[in-house]
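Right, one structure below, let's go through it.
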Amino acid sequence: MVSTKRASLMKNYFILVVAVITIVLKILGFWDKIDIYVHNNLPTTHAIYLQVFTETASVFISLITLALIMFFLSYRKRKVDINSVLELLIGFAVTNLIIVLLKLAFGLPRPSKITASLIPSIVSSIDVYSFPSGHAGRAGYLAGLIERVTNRSILKIIGVTYAILICMSRLLLGYHWLSDVIAGVLIGYYVGLSFYIPKKLINRFTAVFKGTKRTI
């Protein structure tokens with residue numbers, strides 16, 4: 001049991017280190033030639049099926065997926081676990097916050113303008129920066145989360161495969177550079193695997209919320 005936990009921690013730290021190295025290399029300009037080479041040699045398409053698929057990692061659809069995971073956890077435990085619900089939602093918010101802050105910090109342009117998006121939204125209209133990819137980050141978060149909450153190998157494989165396919169869709173649609181999706185998926189995967197809120201903190205929060213509700 002101890003060795004399993006240690007291996008899990010080592011894996012989390014490894015993913016974090018790789019994510020940080022990816023970001024540092026972006027700052028140093030290491031990715032520039034690689035990004036351009038991959039973009040120029042990868043066929044770009046605006047196929048409808050790819051646009052539909054890539055939008056499954058949008059904020060709205062990801063929240064629906066998250067709700068299904070929460071339902072699965074509640075059904076398995078035969079009760080709604082407020083700790084798990086808060087942890088999942090806050091972890092999702094943290095993933096998006098990190099990505100937004102990095103986008104604003106780097107302010108890097110996308111390889112091409114998103115003019116053929118099937119599902120236009122306020123978010124996509126103002127999300128003009130490329131690094132890191134928000135869609136890849138959310139897909140990575142869901143993959144990491146699935147790996148953390150289930151022991152079923154098939155579900156873990158599905159989660160990781162989904163994240164990889166989302167990354168590929170962002171590249172094929174010409175919405176992102178290779179470094180964007182690598183950084184995004186690593187950030188999301190790390191948060192999904194390791195984000196944790198102490199139970200005491202959650203109990204305090206719920207106690208305050210219940211007290212406020214009674215007062216109202």
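The values are calculated or read from the model by the stated rules, or taken from the named source; none is laboratory data. Bear in mind the structure is a predicted one, so any value in this text is a computation, not a measurement. Using ideal geometry, Cβ is built from the backbone for each residue, glycine included, and neighbour counts are taken over all protein chains shown.
Each residue in the range 173-216 was checked for being of a type in the set (S, T, N, Q) and at pLDDT 95 or above, and 1 of them qualify. Going through (1) over 23 Å from Ser169 (Cα atoms); (2) modelled with pLDDT of 90 or more one by one, Ile34 falls short only on (1).
Residues of the range 183-195 that are surrounded by fewer than 24 Cβ atoms within 10 Å (Cβ to Cβ) and farther than 20 Å from Glu87 by Cβ: none at all. You will find that of Leu16, Leu50, Leu63, the residue that is in a helix (DSSP H, G or I), of a type outside the set (Gly, Ala, Ser), in contact with a helix residue (DSSP H, G or I) (Cβ under 9 Å, 6 or more places away or on another chain) and without any contact (Cβ under 8 Å) to a residue 60 or more places away in the chain is Leu63 and no other. Does Val85 satisfy being modelled with pLDDT of 90 or more, farther than 22 Å from Thr44 by Cα and part of a helix (DSSP H, G or I)? When the stated conditions are applied, Val85 does not pass them.
Are any of the residues in the range 38-51 at pLDDT below 95, within 21 Å of the chain's Cα centre (by Cα) and surrounded by 15 or more Cβ atoms within 10 Å (Cβ to Cβ)? Taking every residue of the range 38-51 in turn, at least one turns out to be at pLDDT below 95, within 21 Å of the chain's Cα centre (by Cα) and surrounded by 15 or more Cβ atoms within 10 Å (Cβ to Cβ).
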